[in-house]
Amino acid sequence: MPANCLTSKDWLVSQLPGLNDRDCQKLADCGIYTTQQLLKQGCRGDLQQQLAARLQVRLQLLKKWVALADLARIPNVGCEYCGLLLHGGVGSVAQLSQLSVHRLHPQLVRLHVATMQRKDLCPNVDEVAVWIQQARSLSNK
């Protein structure tokens with residue numbers, strides 16, 4: 001797919017890693033069912049505190065959810081790998097777009113081995129390169 005045709009993915013918030021049924025219900029009570037809705041309502045710094053209060057969650061937790069939703073926009077990352085990237089130190093599409101695959105991939109392998117005890121399940125360097133390319137495309141829109 002040409003870079004200029006790349007579109008952000010939208011997922012149900014229930015598909016984001018780490019959100020339980022109670023978290024998803026709190027979001028639904030605020031009219032937030034998808035990652036795009038979460039980004040729209042949770043990205044603005046001046047409104048984050050208000051949304052966190054409405055959700056009755058810590059601001060830090062809301063920011064984590066927003067970061068996961070942002071990373072999940074990348075088609076080849078989605079909800080499957082957004083948590084890996086976030087725990088690997090990547091907090092946004094914009095940040096990912098600035099990284100080198102040769103710096104990021106070894107970092108992700110170390111994290112994956114430390115947490116999963118298996119290197120073979122970690123995305124390969126070519127997959128990570130595609131993530132960075134897609135992040136650059138989304139950042140330029």
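Just so it is clear, none of the values below were taken in a lab; they were calculated from the coordinates. Quick caveat: nothing in here was measured; it's all calculated off a predicted structure. Cβ atoms come from the backbone with ideal geometry, glycine included; neighbour counts cover every protein chain shown.
Things to note:
- Within the range 55-73, if we keep just the residues that are among the charged types (D, E, K, R) and under 9 Å from the mean Cα position of the chain (by Cα), the residue that is nearest to K26 (Cα to Cα) turns out to be K64.
- Candidates A94, A72, A67: the one that is farther than 24 Å from A114 by Cα, small (G, A, S) and either free of Cβ contacts under 8 Å to residues at least 60 places away in the same chain or touching a Phe, Trp or Tyr at 6+ places or on another chain (Cβ under 8 Å) (or both) is A94.
- Unique residue being more than 27 Å from A114 (Cβ to Cβ), touching a residue at least 60 places away in the same chain (Cβ under 8 Å) and more than 11 Å from the chain's Cα centre (by Cα) when the list is L38, L6: L6
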